[in-house]
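J.: Handing you this structure, nothing more for now.
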Amino acid sequence: RLPRPDAAMGKGSNASKNARARADKLKRLGEQKSGGGGASGKAERMGATSSKRTCMICRSQFMMTQSKEQLGVHVTSKHADRTFADCFPKYDEEERARASGGAGGGAGGGGGGGKKGKR
């Protein structure tokens, strides 16, 4: 005699574990905010502030920690006929936001690399 098709599996079977895992995953996905791959989720994917600067001419990206002089090297070597403001129009605005945001840089703190001294 065959078991009924609607009969439940035992508590420890892999089939019931998989079914429960699927249900849990669907529940978690339902609780998440919409942050998919489109424009609606872009701010969430990119974070509140981007950690990179982008040259508006060639779209090369640079870390926010690079100084104006270091970015100027890019401007003079790659875009000699353009100005710094052409490449990085938001530089001053971003620097003011970083300074007021308290995203502490590398000033202070002792340095030294962690070793007490050479022996």
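J.: Any chance you could look up the accessible area of Leu29 with a 1.4 Å probe, heavy atoms only, rounded to 10 Å²?
T.: 90
J.: Computed FRET efficiency, Cβ-Cβ of Lys25 and Ser67, R0 35 Å: what is it to the nearest 0.05?
T.: Calculated value: 0.15.
J.: Give me the accessible area of Thr54, 1.4 Å probe, in Å² rounded to the nearest 10.
T.: 40
J.: Using θ = phi - 60° and the Karplus curve 6.51 cos²θ - 1.76 cosθ + 1.60, what whole-Hz ³J(HN,Hα) does each residue of region 64-72 get, with Gly and Pro shown as x?
T.: For region 64-72, the Karplus curve yields 5, 6, 6, 6, 5, 5, 5, 5, x Hz.
J.: Hey, quick one: spin label on Ala99, modelled 7 Å out along Cα-Cβ, who in region 53-80 has an amide N within reach, i.e. under 15 Å?
T.: Residues 67-69 fall inside that zone.
The values are calculated or read from the model by the stated rules, or taken from the named source; none is laboratory data. Not measured: the values here are computed from a predicted model. Cβ sites come from the backbone with ideal geometry, for glycine too, and all protein chains shown count toward neighbours. Note: accessible area is taken over every heavy atom of the protein model, side chains too, but ligands, DNA and RNA are not part of it. Shrake-Rupley method; radii C 1.70, N 1.55, O 1.52, S 1.80 Å.
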